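The values are calculated or read from the model by the stated rules, or taken from the named source; none is laboratory data. Model, not experiment: these values are computed from the prediction. Cβ sites come from the backbone with ideal geometry, for glycine too, and all protein chains shown count toward neighbours. Just so you know, the surface numbers come from the protein's heavy atoms only, side chains and all, with ligands and any DNA or RNA stripped out. Shrake-Rupley method; radii C 1.70, N 1.55, O 1.52, S 1.80 Å.
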Amino acid sequence: MGKPFLPSVKKYERLDGEFIFDKPLRVVFESKFYQPARLLVEKVLPHFRISLTDDPTKANIIFSQSLADKLDFSDKLDYNKLNNNKFVNNKSIYNLIVLPNKILINCQTEQLAFYAVQTFLQMLPSYIYSSASNYQNLSGQECIRIAACQIYDWPEFTWRGCHLDVARHFFPKRDIIGFIDIMAMHKLNILHWHLTDDQGWRVEIKGYPKLTQIGAFRKRSQVGGGSPKYDKRPHGGFYTQNDLKEIVAYAKSRGISIIPEIDIPGHSQAAIAAYPQLGVDYADGNLRKISVWDTWGVSFEILNAEELTFRFLENVFGQICDIFPAKVIMIGGDECPVDKWDKSPRIKYRMKQLGVQNTGQLRNYFIKLIVKFLQTYHRQVMCWNDILEFNPPKDIIIACWTDSKETVLAVEKGYKVVNMPQQRVYFDWKQSNSPQEPIPVAKTISLKSVYNFDPVKNITKIDSVLGSQAALWSEHFDSFMRLEDAAWPRLSALAEVLWGKSDNNYNQFLEVLKKYHLPRFDFSGVNYRSFDGIPLGLQRPGVIGRET
């Protein structure tokens, strides 16, 4: 049987002996490792006596960059002989040493310490992932025992993420926080959060109350893909700025950065429903009211090019920067239908005023305007690959979603990319050919096909590929249980790919997944896709999907 780690570790060396949890644990840490040390205590505390201490001589778990050299490891093994300088001095590598008398987490950054904690937790029994208290017998044979070992480990890609759409279906704060915990278990470090679209606006913006009073709610929703059916159930919800700050802080305490997305200038019907003056019709003198869109796909509504709209965008993105400390802000730029721009006298007049020759240049004008504005906040912009045809600024990160050819093109044009082709990592797509598959959208993306995905295949400048992320578009996720069923364990396979597969193959991955990792899901309360089939409660007989 393989080792219990998912994602797998790069270098594992078995040592003599074992560490026995036969007395309370004391954790000491250098100041920059406070959050990882606190996370370890938080996870272990319901099951074993553990606490933080500021006395290194009383500690048996040590977080350190330099402290370990001053401590006594000599009674069982020679610590100096264990350390491998070519590893331990590398800023991208963590070293986890388990000895019979002490456990050392040795690295240079807080982020690496988070990863070491997740590795350590996976050495413990699966019930460690349960919030229910389960204190072990401190003197009997049921004490936790873990093998003495030394681990060196590091990530293959810097961008290991998941895109989560809450615009089509809203998920409350508790679900987002739970999802972040499971991401952290997999050493994923980016949550790309899709907060606005035609079907809903989910973020409170001060000074624009109608964005959430009106834009966050719709009267009904389409059922299925390409289906003429609609339910009659109103849907909606939004996050206050305090909610968002709390979620951002929680993600940070798990080593995860949240990249917010406000999609412009298309995908904006919810905003225009709230404030019609942002739309093209209003600019042309047509004061008709529209509603938040209740259909999947892309609306023809698009922002106008008035100064009022640009001031609105600056206010929105300014507040987004205040809420989200991430260095990257996603502004979309994709699937931008220009029909209304083409037919609008006012847009044609504004294009002359702005000095742009066509609607492609107008879209680029929007992008450059926000790029320049966000630079004042020292942020980098990310866009979908749709904008490549208009030669946007080279410092934009391109999220390549349409196919792998776009990734190659973006790299050749000199952009940094996140390679996320829909055919490989769009997890709203069905994951089997079973007739019970809930809303069987598009083609099949199996667990094995995710595991076999190579983000740098056919790429000559592999350093231009930051990494990848799964996409959880939520049109067909009418419950959080349905979202988890689509995500896990396919996202576990992608985490393995992005961290680096070591020497494992798919069968070894399955072995670890089934014996060790699915029990962790069970104790964590994750509604993952079981190998036993699709739960009856998720099946949607008679609801059609679509092929792409």
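Place a +1 charge on the Cβ of each Lys and Arg in the chain and a -1 charge on the Cβ of each Asp and Glu, then give the dipole magnitude about the Cα centre in debye, rounded to the nearest 20.
On the way: 68 positive and 59 negative charges, 67 e Å.
Here the chain has a charge dipole of around 320 debye.
What's the percent breakdown of Cα-Cα distances in region 396-509 across 10 Å bins, shortest bin first?
Going out from 0 Å in 10 Å bins, region 396-509 shows 14, 42, 32, 11, 1 percent.
Over region 209-354, with every protein chain in place, what whole percent of the accessible area is carbon and sulfur at 1.4 Å, could you tell me? Please report the intermediate quantities before stating the final value.
On the way: 3320 of 6150 Å².
Of all accessible area on region 209-354, carbon and sulfur atoms account for 54 percent.
If you roll a 1.4 Å probe over region 405-447 with all protein chains in place, what percent of the accessible area is carbon or sulfur? Intermediate results must be reported in sequence, preceding the final value.
On the way: 830 of 1620 Å².
On region 405-447, the fraction of accessible area on carbon and sulfur atoms equals 51 percent.
I need the trypsin sites (Lys or Arg not before Pro) found in region 3-64, filtered to DSSP loop residues with at most 15 other beta carbons within 10 Å of theirs. Mind showing how you got there, number by number?
On the way: sites: Lys10, Lys11, Arg14, Arg26, Lys32, Arg38, Lys43, Arg49, Lys58; in loops: Lys10, Arg49.
Loop-located and lightly packed - Arg49.
Suppose R0 equals 51 Å; then what is the FRET efficiency for Lys206 and Arg546 from their Cβ-Cβ distance, rounded to the nearest 0.05? Don't skip to the end; give the middle numbers.
Values: r = 39 Å, r/R0 = 0.77.
Taking R0 as 51 Å, the efficiency between Lys206 and Arg546 is 0.85.
For the chain, with the dipole built from +1 on Lys and Arg beta-carbon atoms and -1 on Asp and Glu ones, taken about the Cα centre, which of Ile347, Asn95, Ser51 lies farthest toward the positive end?
My answer, from the dipole projection, is Ile347.
So for region 304-375, averaging the separation of alpha carbon pairs under 8 Å that are six or more residues apart and normalising by length, what relative contact order in percent results?
On the way: 24 pairs, mean separation 29.6, N = 72.
Across region 304-375, relative contact order equals 41 percent.
Within region 500-548, list the trypsin sites (Lys or Arg not before Pro) lying in a DSSP loop whose Cβ has at most 15 other Cβ atoms in a 10 Å radius. Show your work: numbers first, answer last.
Values: sites: Lys501, Lys514, Lys515, Arg520, Arg529, Arg546; in loops: Lys501, Arg529, Arg546.
For trypsin sites (Lys or Arg not before Pro) across region 500-548 that sit outside H, G, I, E and B with at most 15 neighbouring Cβ atoms in 10 Å, the list reads Arg546.
Averaged per residue, what accessible area in Å² does the chain show with a 1.4 Å probe, protein chains only?
On the way: 22230 Å² over 548 residues.
Per-residue accessible area for the chain comes out at 41 Å².
What are the trypsin sites (Lys or Arg not before Pro) within region 251-360 that DSSP puts in a loop, where the Cβ has at most 13 other Cβ atoms within 10 Å?
Values: sites: Lys252, Arg254, Arg288, Lys289, Arg311, Lys327, Lys340, Lys343, Arg346, Lys348, Arg350, Lys352; in loops: Arg254, Arg288, Lys289, Lys327.
Those satisfying the criteria are Arg288, Lys289, Lys327.
So between Lys58 and Tyr34, what do we pick up on full extension, going 0.36 nm a residue minus the alpha carbon distance? Before the final figure, lay out each step's value.
Working: separation 24, 0.36 × 24 = 8.64 nm, distance 1.74 nm.
Between Lys58 and Tyr34, full extension yields an extra 6.9 nm.
Give the calculated FRET efficiency between Glu412 and Thr158 to the nearest 0.05, with a Förster radius of 22 Å applied to their Cβ-Cβ distance. Before the final figure, lay out the partial values.
Details: r = 21 Å, r/R0 = 0.94.
About 0.60, to the nearest 0.05.
If you look at just the Cα atoms of the chain, how large are its Rg and its Dmax in Å?
Cα-based Rg and Dmax for the chain come out at 25.0, 83 Å.
Choose one of Ser227, Asn527, Val411: the residue whose Cα lies farthest towards the positive end of the charge dipole of the chain (beta-carbon charges +1 Lys, Arg; -1 Asp, Glu; about the Cα centre).
Ser227
Taking Cα pairs under 8 Å and at least six residues apart, what relative contact order does the chain come out at, in percent? All intermediate terms of the calculation are to be shown ahead of the outcome.
Numbers: 1086 pairs, mean separation 84.0, N = 548.
Relative contact order here is 15 percent.
How big is D, in µm² s⁻¹, for region 312-445 by Stokes-Einstein at 4 °C and 1.567 mPa s if Rh is the Kirkwood radius over C-alpha pairs? Could you put the intermediate results ahead of the total?
Working: Rh = 16.9 Å.
D, rounded to a whole number, is 77 µm²/s.
Based on the Cβ-Cβ distance from Ser92 to Leu15, what FRET efficiency comes out when R0 is 25 Å, to the nearest 0.05? Intermediate results must be reported in sequence, preceding the final value.
Details: r = 24 Å, r/R0 = 0.95.
That gives a FRET efficiency of 0.60.
Take the Cα gyration tensor of region 252-337, multiply each eigenvalue by 5, square-root it, and list the three semi-axes largest first, rounded to whole angstrom. Provide the component values of the computation, followed by the final result.
Values: eigenvalues 148, 45, 22 Å².
Whole-Å semi-axes of the equivalent ellipsoid: 27, 15, 10.
Can you give me the relative contact order of region 454-548 as a percent, contacts being Cα pairs under 8 Å and 6 or more apart?
Values: 36 pairs, mean separation 29.6, N = 95.
Relative contact order, region 454-548: 31 percent.
If I fit a long axis through the Cα atoms of helix 307-323 and take the longest principal axis of the Cα atoms of the chain, what angle between them do I get, 0 to 90°, rounded to 10?
Helix 307-323 and the main axis of the chain meet at about 10 degrees.
In deg cm²/dmol and to the nearest 500, what is the mean residue ellipticity at 222 nm of the chain if only DSSP H runs of at least 4 residues count, each as -39500 (n - 2.57), divided by the residue total? Write down the numbers at each step before the final one.
On the way: 20 runs with 169 residues, N = 548.
Estimated from H runs of four or more residues: -8500 deg cm²/dmol.
Give me the dipole magnitude in Debye, nearest 20, for region 373-446 about the Cα centre, with unit charges on the beta carbon: positive for Lys and Arg, negative for Asp and Glu. Show your work: numbers first, answer last.
Details: 8 positive and 8 negative charges, 33 e Å.
In total the dipole reaches around 160 debye.
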